[in-house]
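Worksheet: one structure, shown below.
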Amino acid sequence: MTAVHSHPIDLLRLNTCGSVDDGKSTLIGRLLYDSKSLMEDQIEALERSADITGGGDINLANLTDGLRAEREQGITIDVAYRYFATPHRRFIIADTPGHVQYTRNMVTGSSTANLSIILIDARQGVIEQSRRHACIASLIRIPHLIVAINKMDLVGWSQQRFLEIKDQFEEFLPRLDIKDVKFIPVSALNGDNIVTRSIHTPWYPGPTLLGHLETVHIASDWNLDRFRFPVQWVNRPNNPTDPSLHDFRGFSGQIAGGIVRVGQKVMVLPTGFTSIVKQIWTLDGPLEEAFCPQSVTLILEHDLDISRSDVIVDTQDLPGASSDLHAKICWMNPRPLQPGRQYLLKHTTQSVKTAIVSIESRINIATLNKEFGIEELCMNDLAEIRLKTAKPLIYDGYAANRLTGSFILIEPGTNATVAAGMLLPPSEVARPEYRDFAI
Amino acid sequence: MINYHLDHLDYLETEAIHIMREVAAEFERPAILFSGGKDSICLLRLAEKAFRPSDIPMPFLNIDSGHHFPELNEFRDRRAKELGGKLIVRTVDDALEKGFAVQAAGQISRNQLQIPVLLAAIEEFRFDCCIGGARRDEEKARAKERFFSFRDGFGQWDPKNQRPEIWNLYNGRLNPGENMRVFPLSNWTEMDVWEYIKRETLEVPSIYFSHQRRCVRRLGQWVPATELAPPKPTEDVRDLIVRVRTIGDIISTGCIESPALTVDDIIAEIAAARVTERGSRADDRVSEAAMEDRKKAGYF
């Protein structure tokens, strides 16, 4: 078996999106089946359910439709995660359904993805749903996109049809912010161009779907430009038996951007105290440097009052700071969003109270046009809004950094997560509260 | 020259450490569920990575079904002590005696009976969050569960009403009486767990390695022959060289015939395996929705 390997190179996270019946579950089933990632008992369970539901043929979609309600209704109700591996890479698939609550689920599934697969039914071509997928992928800033033109067997493996659909899609591309797009003609049901090359497409010179997933360059998908370290937890041993730990005071967190080195000058925001990185502590021993998204504990030269919600940054390249925020959001709750309402905003490691000031515009996700004069947002709407927070947020624009430029809104009382937000670039750079203390 | 790139284990590790620290920072009274099994062994190493040189800021909790492998409990107690952690054990036997867990007629396996004991322990210690070692690759219902899995006042999971989880922003807010289960290993596979055990040179209980054991054939698999469910004269009983791949109730945990004596052997075996890990647990075979039903009722 080649499906798992004890020394894989790296991990690629992808999500798949499609409309009902365009064969998304079948495609994932096919990837798992043909890459030999399925085990005997899973195949056996598949065969058992094929007997029950009739038909006789194995239904590959049964592999991914996990919950009882889904099997009964024949639909996928939520984001499900699948795992498979080849000798070259490990893969995590976020399988997002393509019907109601579709935008919400796709935003969720895409938020951690390197790559998105959009499925298009070759008979139907680019439909509104396909454009919505592409728009969301663009808003979430997924670095890589695969357009899998499926059911090619049903259009006689016509190269002309493939090129027509490719043209339809490319017409739309200039409006999007996606640099790497690949078109692949496939039949998920029969396995053509999924793992093995199809004999039906001699006119297609490119890689198979899996071939592309194994080789696409993802090393630069993390932000290594500007050092950002939201403090998660202050690490201060209680009554240590080891005397050398009496004065240990570390700041634990996950690097949200850039690289940090021992000896580097850093600033703590919002206070503006500056210090030098004395040590990068880990259980496996100290590091000379660390980078996004590593989890480390920083020890600084000076004894400063630092706590969760503070951010340690590079002094040369400061983030923005403001309590007046401008953001794109995806509304995820059945109760509509209205200006004036208050929520809790969670951003990096802090939660602050916020009020919705105004809805600037709604984004039509089939065209990316802005619609004005909107009074409330409904579930699955994407919009630009303005918010006011109880204290300034230290942040970057989402386009510059996914981790320091994103937030969620939580509804007080129900504690429901009601929105995902992407901040627009800050207009003001952070100004330290206490300049005089700078060292 | 450093290559600024994480391999898959580094990536899974930093994701899990981030989640553990979020729990420590955002909950009042969290606990780590520690059985001594391979997944929870990884959890404790991740807790060390997240919190050292400080003490791990939460106790370890185990719900002992009374049908545990003795090797497992011995290991559990020793490992907790080595880490200087506080281990809390609550038992199904005790719950049966006190009457807040009741055995259903004909029910021999105790997986189901762990539910009321876990919920009672949560209430007793007022835990607001339990960190568990469940992984999404184990089972289809788990594939849909969040890192932060919200439970209502009755400990129930509602799969249709889960909080969306976006980027690395986890919503841990609760009202009184509600509870969170957090699964830092959600994105790990069985192979990742063993590779991590190898990389970190972690000790695991001896039953994961090949040993001789008297087994009885039940429901298409070999399970340990024990006093708890003694073999009937008609049953096929044999002395076999076996190991366990996943550990549950001793009477329903399938033993696989295996010569694997080291972690490397196990990794090679999994790479070549043709049956998933949970294929060797009779409790999931009852129906296709067995796990979904247990989780809705408050299971781990």
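The values are calculated or read from the model by the stated rules, or taken from the named source; none is laboratory data. Quick caveat, the model's predicted, so the values are computed rather than measured. Using ideal geometry, Cβ is built from the backbone for each residue, glycine included, and neighbour counts are taken over all protein chains shown.
Of the residues making up region B:129-152, those that are part of a helix (DSSP H, G or I), under 21 Å from B:Gly248 (Cα atoms) and within 9 Å of chain A (Cβ to nearest Cβ) are B:Arg136, B:Asp137, B:Arg142, B:Ala143. Taking the listed residues A:Val277, A:Val296, the one that is within 28 Å of the chain's Cα centre (by Cα), surrounded by 15 or more Cβ atoms within 10 Å (Cβ to Cβ) and of a type in the set (A, V, I, L, M, F, W, C) is A:Val296, with no other qualifying.
The set of residues in region A:230-253 being among the charged types (D, E, K, R) and either within 30 Å of A:Ala321 (Cβ to Cβ) or not in a loop (DSSP other than H, G, I, E, B) (or both) consists of A:Arg236, A:Arg249. Return yes when B:Phe69 is in contact with a helix residue (DSSP H, G or I) (Cβ under 8 Å, 6 or more places away or on another chain), surrounded by fewer than 23 Cβ atoms within 10 Å (Cβ to Cβ) and not charged (D, E, K, R) and no when it is not. In short, yes.
Here the condition is being over 25 Å from A:Trp222 (Cβ atoms), touching a residue at least 24 places away in the same chain (Cβ under 8 Å), in contact with a Gly (Cβ under 9 Å, 6 or more places away or on another chain) and not assigned by TED's automatic domain parsing to the domain that holds A:Gly109; of A:Glu384, A:Glu411, A:Glu428, A:Glu376, it holds for A:Glu428 alone. Residues in region B:20-78 that are on the phi < 0 side of the Ramachandran plot, outside any helix (DSSP H, G or I) and among the small types (Gly, Ala, Ser): B:Ala31, B:Ser35, B:Gly37, B:Ser54, B:Ser65.
Of all residues in region A:395-420, those satisfying the criterion of being crowded, with 24+ Cβ neighbours inside 10 Å and not aromatic (Phe, Trp, Tyr) are A:Asp396, A:Thr404, A:Gly405, A:Ser406, A:Ile408, A:Leu409, A:Thr417, A:Val418, A:Ala419, A:Ala420. Within region B:1-30, no residue that is over 19 Å from B:Arg136 (Cα atoms) and more than 9 Å from chain A (Cβ to nearest Cβ) sits with its Cβ atom under 7 Å from a residue that is among the β-branched types (Val, Ile, Thr) and surrounded by fewer than 22 Cβ atoms within 10 Å (Cβ to Cβ) at 6+ positions apart or across chains. Going through region A:178-194 one residue at a time, which ones are in contact (Cβ under 8 Å) with a residue 60 or more places away in the chain, part of a loop (DSSP other than H, G, I, E, B) and within 21 Å of A:His144 (Cα to Cα)? Listed by number, the residues that qualify are A:Val186, A:Ala188, A:Ile194.
The residues of region A:340-368 that are assigned to a loop (DSSP other than H, G, I, E, B) and either over 23 Å from the mean Cα position of the chain (by Cα) or more than 25 Å from A:Met106 (Cβ to Cβ) (or both), listed by number, are A:Gly340, A:Arg341, A:Thr349. For region A:358-370, the count of residues that are more than 13 Å from chain B (Cβ to nearest Cβ), surrounded by fewer than 20 Cβ atoms within 10 Å (Cβ to Cβ), out of contact with any Cys (no Cβ under 8 Å at 6 or more places or on another chain) and among the basic types (Lys, Arg) is at least one.
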